[in-house]
Amino acid sequence: VQLQASGGGLVQAGGSLRLSCAASGINFRLNTMNWYRTAPGKERELVGRITSTGSTDLADFVKGRFTISRDNVKRIMYLQMTSLKPEDTAVYYCNTFFRARDYWGQGTQVTVSS
């Protein structure tokens with residue numbers, strides 16, 4: 001199983017970024033996929049998830065600003081981030097639970113300047 005996150009970068013406050021997570025080795029369309037983040041000096045927190053049916057659940061601190069989507073043909077999950085704030089600065093990870101085990105991507109850095 002491999003999860004490859006990409007799309008991070010440096011952006012000014014109020015800007016947008018789209019992260020991608022490409023998955024292999026799993027039956028992607030059947031898996032709930034998650035986005036987490038780890039901010040400097042803080043514990044990892046759940047940003048949101050998307051189920052196999054496309055239902056999404058987002059943390060309160062990103063609701064109205066971030067959306068999660070998936071392309072089951074390309075086997076990619078997306079995190080569209082808008083109205084970014086400096087407090088969104090973090091390493092963003094994609095994650096899935098498959099065959100009784102958690103799998104993590106390598107993380108992609110998002111830095112939001114004020």
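The values are calculated or read from the model by the stated rules, or taken from the named source; none is laboratory data. Everything numeric here is computed off the predicted structure, so don't read it as measured data. Reconstructed Cβ throughout: ideal geometry from the backbone, glycine too, with neighbour counts over all protein chains shown. Surface accessibility is based on the protein's heavy atoms, side chains included, excluding ligands, DNA and RNA. Shrake-Rupley method; radii C 1.70, N 1.55, O 1.52, S 1.80 Å.
Highest average first, the peptides 65-76, 88-99 ordered by how many other beta carbon atoms sit within 10 Å of their residues are 88-99, 65-76. Under a Gaussian network description of the chain, with springs only between Cα atoms under 10 Å, the residue in 14, 54, 41 that fluctuates furthest is 41. Backbone N atoms of segment 1-42 closer than 19 Å to the 7 Å Cα→Cβ label point of residue 83 belong to residues 11-19. Relative contact order for the chain: 37 percent, from Cα pairs under 8 Å spaced at least 6 residues apart, divided by residue count. Summarising the label geometry, the points placed 7 Å from Cα in the beta-carbon direction at residue 55 and residue 30 lie 1.9 nm from one another.
Rounded to the nearest percent, how much of the accessible area of segment 32-114 (1.4 Å probe, protein heavy atoms only) is carbon and sulfur? In segment 32-114, the share of accessible area belonging to carbon and sulfur is 48 percent. Once the chain from residue 38 to residue 4 is taken as fully extended at 0.36 nm per residue, the excess over their C-alpha distance is 10.6 nm. Accessible area per residue for the chain is 53 Å², calculated with a 1.4 Å probe on protein heavy atoms, without ligands, DNA or RNA.
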